[in-house]
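Just below is one structure, and these are the notes that go with it.
The values are calculated or read from the model by the stated rules, or taken from the named source; none is laboratory data. As the structure is a computational prediction, the values presented were derived from the model and not from experiment. Reconstructed Cβ throughout: ideal geometry from the backbone, glycine too, with neighbour counts over all protein chains shown. Please note that ligands, DNA and RNA were not included when accessible areas were found on the heavy atoms of the full protein model with its side chains. Shrake-Rupley method; radii C 1.70, N 1.55, O 1.52, S 1.80 Å.
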Amino acid sequence: MTTEEQKEKPILEITASTPPILSVLSITKPSTILIMSSFHAGYFRISLSLCSQSLLWKTLSSPSTDPHALRPLLTALHSFTFFLLWSLSLLSLLLLSILFLIRCLLRPHSLRVELSHPIGMNYLFAPFASSLLLLQSTPFLSPNSTTYRIFCSLLSLPILFLDVKIYGRWLTHGKNFLSLAANPTSHVSVIGNFVGARAAAQMGWKEAATCLFALGIAHYLVLFVTLYQRVGGGNALPAMLRPAFFLFFAAPSMASLAWDSISGDFNLSCKMLFFLSLFLFASLVSNLFCCFYFASLVAFLSQTKFN
């Protein structure tokens with residue numbers, strides 16, 4: 001029995017001699033602890049999705065000289081829909097951050113557990129990547145403002161720290177080699193680098209943007225080959241996290257946007273990354289559709305046979 005379990009066991013035990021008020025307090029306290037202990041960094045994928053949508057709406061509603069673009073159709077919806085989506089993204093990020101901080105205060109050892117977990121350590125990039133996406137889509141700050149630069153610097157430093165921590169572990173620790181620890185959620189760490197690179201490029205910090213992009217693209221190439229070959233523990237992913245397979249096309253998509261901001265033009269490299277993400281998206285959708293069709297067919301045939 002661990003030390004943590006020994007501390008929690010007396011709280012969970014409620015005897016018949018316990019007064020009613022103490023019984024309620026004894027039930028409330030451990031239930032709160034149990035609920036907070038079940039909260040983990042993986043829930044930040046909610047804010048990551050919403051903040052990405054906010055950036056998409058801002059990009060689509062920005063002025064364009066292309067006569068064939070669909071952006072003029074979205075201009076009328078920009079003022080209300082975009083602000084509503086951005087506010088929802090901010091609210092979800094703040095709520096998840098508060099819950100995560102409370103969890104870390106109640107159970108400090110859980111953060112160390114997540115840092116050593118092959119899935120949990122990747123989602124530690126998500127709150128900082130979400131914050132950078134929200135910062136890039138904000139309608140209140142410009143990239144040249146001092147407040148924007150301070151927030152961007154503060155949010156990029158944890159990403160660099162996690163890069164050194166996690167990528168260094170992949171290189172040196174035997175049980176944490178990338179071939180053993182790689183899974184689709186590993187793309188979150190790569191996406192964090194690309195988001196930081198895009199934010200730095202928008203502020204004019206080309207060297208910092210290139211540094212973050214180089215870290216992201218180098219590890220993305222290795223990660224892509226590792227997951228594509230399915231070596232080691234590539235398939236070790238719980239069924240609950242199967243939607244994380246869609247991160248396969250999220251990484252090259254973000255890389256395309258990041259390099260567009262760094263180079264100042266949607267050049268050949270950006271198009272290559274875009275078409276790669278489009279191909280991966282089509283592959284995943286067609287695969288999932290075939291699996292769903294096959295499962296439905298099997299269920300129908302088994303039901304017919306049973307009847």
Flag if S116 is of a type in the set (G, A, S) and either under 24 Å from T185 (Cβ atoms) or at pLDDT 90 or above (or both): yes
Residue identified as over 28 Å from F249 (Cβ atoms) and in contact with a Cys (Cβ under 6 Å, 6 or more places away or on another chain) among L154, L134, L111: L111
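Residue by residue, here is whether (1) of a type in the set (G, A, S); (2) modelled with pLDDT of 90 or more; (3) not in a helix (DSSP H, G or I) holds:
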position	(1), (2), (3)
A200	yes, yes, no
L241	no, no, no
A251	yes, yes, no
L273	no, yes, no
Condition broken by W205, with the remaining ones in (1) open to solvent by less than 10 Å² (accessible area, probe 1.4 Å); (2) of a type in the set (F, W, Y); (3) within 22 Å of T138 (Cβ to Cβ) satisfied: (1)
Test result for N122, touching a residue at least 24 places away in the same chain (Cβ under 8 Å), touching a Ser or Thr at 6+ places or on another chain (Cβ under 8 Å) and open to solvent by less than 10 Å² (accessible area, probe 1.4 Å): yes
Filter result for P143 (in a helix (DSSP H, G or I), open to solvent by 30 Å² or more (accessible area, probe 1.4 Å) and at pLDDT 85 or above): no
L111 within 22 Å of the chain's Cα centre (by Cα), open to solvent by 70 Å² or more (accessible area, probe 1.4 Å) and more than 23 Å from L50 (Cβ to Cβ): no
All positions within the range 213-226 that are out of contact with any Phe, Trp or Tyr (no Cβ under 7 Å at 6 or more places or on another chain) and open to solvent by less than 10 Å² (accessible area, probe 1.4 Å): Y220, L223
Filter result (hydroxyl-bearing (S, T, Y) and part of a helix (DSSP H, G or I)) within the range 108-140: S110, S116, Y123, S130, S131
